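What follows is a short report on a single structure.
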Amino acid sequence: MILKELRISRHLSQEQLAQMSGLNVRTIQRIESGNNASVESLKCLAAALEVDISTLNQEKFMMDKKSDNWKALPFILKCWFVFNFLQARPSRNSASRIERIGHMSGFSFCCLGIINEAALIGGLIMLFTAYLYHWLKFQGDKYSIWYDEKSEKGS
């Protein structure tokens, strides 16, 4: 379920979402941690987030290049998304994974930079790349261009 990603993409805390949906914060925490949600809870969350219940049951976000939001995206950002993912349908999860790897590798290489200057430069480049992927995810959330791979397979 992508509840957490939807909540974060809308810059909402669990408390804010609970207030908007009329649910308990603990209920939202349980759903985000992977527990099943009742149909009533899903209806409340879908209404609060202005999405369909089927959207809440999706497993991951990916780009939908056919959406109006993608078409409205500035050309330079489209190029940035396509160039950085180097795949036909990049997902938010792959961007998160690359960001984490960039941070971990960059920090490690910066630590090695105490011994070797080249490692420090490489570490800084990796940290910069991780920052760019963080920005990429933010822009993807801002323009709502992710789509669900699971629903594409079903069609």
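Structure data summary
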item	result
Qualifying positions in the stretch 109-124 - within 22 Å of ARG97 (Cβ to Cβ) and either among the aromatic types (Phe, Trp, Tyr) or surrounded by 14 or more Cβ atoms within 10 Å (Cβ to Cβ) (or both)	PHE109, CYS110, GLY122, GLY123, LEU124
Any hit, the stretch 22-34, residues being under 24 Å from HIS134 (Cβ atoms), in contact (Cβ under 8 Å) with a residue 12 or more places away in the chain and hydroxyl-bearing (Ser, Thr, Tyr)	no
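For (1) of a type outside the set (Asp, Glu); (2) at pLDDT below 75; (3) surrounded by 14 or more Cβ atoms within 10 Å (Cβ to Cβ); (4) over 17 Å from the mean Cα position of the chain (by Cα), each residue gets a yes or a no:
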| residue | (1), (2), (3), (4) |
| --- | --- |
| PHE75 | yes, yes, no, yes |
| PHE81 | yes, yes, yes, no |
| ARG89 | yes, yes, yes, no |
| ALA95 | yes, no, yes, no |
| GLY106 | yes, no, yes, yes |
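The values are calculated or read from the model by the stated rules, or taken from the named source; none is laboratory data. Note that this is a predicted model, so its numbers are computed, not measured. Positions of Cβ are generated from backbone atoms using ideal geometry, with glycine treated the same way; all protein chains shown enter the neighbour counts.
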